[in-house]
Amino acid sequence: MSSSPILVDRVPELLTRTEPLSPSLLASLAVGPDPTIVELPAGTELHSLVASHVMKHASAARSFGMRVGSGNSRCCDGSDSEDDDDAQSRVATKVLGLGTFEFTFESAKIFAVHHTLGEVVGTNCSASLMRTLVLVSDADISALVRFCDHLIASADACTGNVFNIFRWHVQHQYWHKAETAQARPVESVVLPAELKSKLVDDIADFAAPATKQWYVQHGIPYKRSYLLHGSPGAGKTSIIQALAGRFKRNVCYFSSLSHPEMTDDGLKSAVQRVPAKSILVFEDIDAVFTGGRGKKDGDKSAVTFSGLLNALDGVGGSSGQLFVLTTNHRERLDPALIRNGRVDMHVHFSDATSEQMRMLFAQFYPKAEPALAAAFEEALTAELGERTVSMAQLQAYFIQMRKRPAEAAAAEVKKVMEEVVTRMIREDEGAASDGKTQPGEEAAAEEEAAVAGEEKKEPQKAAAAAQPSKEVHVHVHVGS
Ligand SMILES: Nc1ncnc2c1ncn2[C@@H]1O[C@H](COP(=O)(O)OP(=O)(O)OP(=O)(O)O)[C@@H](O)[C@H]1O
Ligand SMILES: [Mg+2]
């Protein structure tokens with residue numbers, strides 16, 4: 001009782017705010033007696049979209065905040081340098097400061113009041129004040145809705161040779177535009193010709209207007225799902241980014257499945273709110289659930305296996321969503337997760353095939369004779385014997401040789417082996433610490449053969465690609 005008077009006086013005032021702006025502040029704006037008011041609390045997607053629009057378009061904006069951002073983001077904001085050397089460096093980036101700003105949309109005058117509300121509160125990181133952005137205008141609410149729709153559409157648009165990367169913000173529950181990236185040409189991702197054209201043609205066919213009509217006519221959700229599985233460093237992430245560029249899509253990475261605050265509802269919202277025209281990517285889908293649907297040790301999220309299935313089923317509706325799961329261990333996935341309907345096409349990425357070795361050589365040495373690429377492939381294949389090499393390792397070799405002529409790169413293939421042997425040792429250690437087969441792994445491997453939509457495995461190399469890690473597993477079982 002003794003400490004209550006101050007709190008009792010103040011709490012009702014804080015909890016019962018009925019106006020987005022104080023009457024005196026509202027009266028100071030050049031608007032009529034009955035303006036339209038829209039309030040956008042901080043931490044919402046529209047708050048950040050409107051704030052960045054206001055900062056760029058408000059005439060005479062003089063109040064800013066400043067944070068450290070990447071040179072990329074400043075460049076993508078449309079300000080400052082295009083110097084490539086600066087592109088990755090850390091730079092000061094402007095954000096909207098507190099104050100009142102004025103701008104126009106469709107010739108309607110709009111005021112944006114960026115202010116704090118209430119008292120300082122403690123958060124996990126620091127003391128913090130609640131910020132809101134209030135739009136005030138004599139225009140009708142429909143004009144402000146159009147304004148916000150316009151910002152959402154521009155944020156989602158992929159123009160030119162760039163695409164947007166979004167990441168799900170678990171606490172604030174929205175797709176945060178993390179960066180704008182340069183699209184990689186599909187040609188630069190070296191894959192067996194059949195595999196690449198199968199993937200590219202499938203997406204092109206899916207995106208055709210007639211296909212949409214067909215899906216709608218038959219009452220089938222207009223979405224397409226792919227499972228990219230196989231060796232690490234084989235080009236799964238690279239091809240996703242290349243496809244985003246080719247098909248003018250955003251890439252939305254959902255990498256928060258094991259986030260401690262992730263729930264089934266959060267997952268569902270993420271899927272439902274995914275930006276238009278995007279590729280929704282769940283990377284390393286085997287990371288959370290064991291083959292037996294149980295959660296992996298140490299996983300702290302509240303997401304359940306059925307929550308994941310429901311979310312995947314809810315993807316897309318009629319919006320033509322593309323949706324990609326990636327894994328290095330398809331055999332560890334529960335068959336329900338990758339059954340027909342949830343995954344329409346399985347695409348296997350192996351270590352480098354002979355064709356890929358020649359093609360990658362030609363990509364790094366475009367002027368070299370095809371015979372030299374063939375000589376490189378032959379020498380490397382002989383050196384490898386039963387072993388295989390990943391595309392990422394081959395890329396590392398070409399980077400190492402970048403100042404050397406094609407002839408040297410074709411001759412010094414022994415250097416590739418250093419990387420290959422290092423990887424085998426790493427895998428050996430990894431398998432030893434695993435110590436046992438994942439639950440459900442063997443059953444899933446049997447199921448694997450039956451999964452519909454499977455493409456033909458790469459002939460000799462794909463089979464060989466699976467060998468080193470499987471040998472390691474057998475070795476460990478026998479030893480333990
Ligand atoms: N098929 C490929 N063609 C060209 N470059 C490749 C290819 N595969 C991998 N690379 C190169 O190797 C690096 C790693 O590739 P990427 O991230 O696409 O592999 P990943 O299959 O996604 O691996 P992980 O399973 O570990 O996620 C990239 O720098 C990429 O340029
Ligand atoms: Mg990857």
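The values are calculated or read from the model by the stated rules, or taken from the named source; none is laboratory data. Note that this is a predicted model, so its numbers are computed, not measured. Neighbour counts run over all protein chains shown; Cβ positions are idealised from the backbone, glycine included. All accessible areas refer to the heavy atoms of the entire protein, side chains included, with ligands and DNA or RNA removed. Shrake-Rupley method; radii C 1.70, N 1.55, O 1.52, S 1.80 Å.
Selection of the stretch 223-263 for residues being among the small types (G, A, S), closer than 18 Å to Q356 by Cβ and either touching a Leu at 6+ places or on another chain (Cβ under 7 Å) or away from ligand 1 (no atom under 16 Å from the Cβ) (or both) yields only G235. Scan the stretch 174-204 for residues that are closer than 16 Å to Y253 by Cβ and either more than 15 Å from ligand 1 (Cβ to nearest atom) or touching a Lys or Arg at 6+ places or on another chain (Cβ under 9 Å) (or both) and the total you get is 8. Consider the stretch 224-255 and keep the residues that are more than 16 Å from ligand 2 (Cβ to nearest atom) and open to solvent by less than 10 Å² (accessible area, probe 1.4 Å). The one that is nearest to the chain's Cα centre (by Cα) is N250. Looking only at the stretch 122-140, residues that are open to solvent by 80 Å² or more (accessible area, probe 1.4 Å) and either modelled with pLDDT under 90 or not assigned by TED's automatic domain parsing to the domain that holds K56 (or both) come to 4 in all.
Based on this model, can you work out whether M391 counts as closer than 24 Å to L227 by Cβ and not assigned by TED's automatic domain parsing to the domain that holds V200? Here the answer is yes, as M391 does meet what is asked. Listed by position, the strands (runs of 3 or more DSSP E) contained in the stretch 1-120 that have at least 2 residues being modelled with pLDDT under 65 and open to solvent by 30 Å² or more (accessible area, probe 1.4 Å) form an empty set. Looking at (1) in a helix (DSSP H, G or I); (2) within 15 Å of L40 (Cβ to Cβ); (3) out of contact with any helix residue (DSSP H, G or I) (no Cβ under 9 Å at 6 or more places or on another chain); (4) aliphatic (A, V, I, L, M), which is the one condition that is false for M130? So M130 meets the others, but not (1). The set of residues from the stretch 149-168 being under 15 Å from the mean Cα position of the chain (by Cα) and open to solvent by 50 Å² or more (accessible area, probe 1.4 Å) comprises just one member, R167.
Hey, could you check the stretch 151-183 for residues that are charged (D, E, K, R) and over 18 Å from S258 (Cα atoms) and say which is modelled with the lowest pLDDT? Applying the filter and picking the extreme gives D156. The helices (runs of 4 or more DSSP H) falling completely within the stretch 345-424 that include 1 or more residues that are under 25 Å from L199 (Cα atoms) map to 354-364, 391-400.
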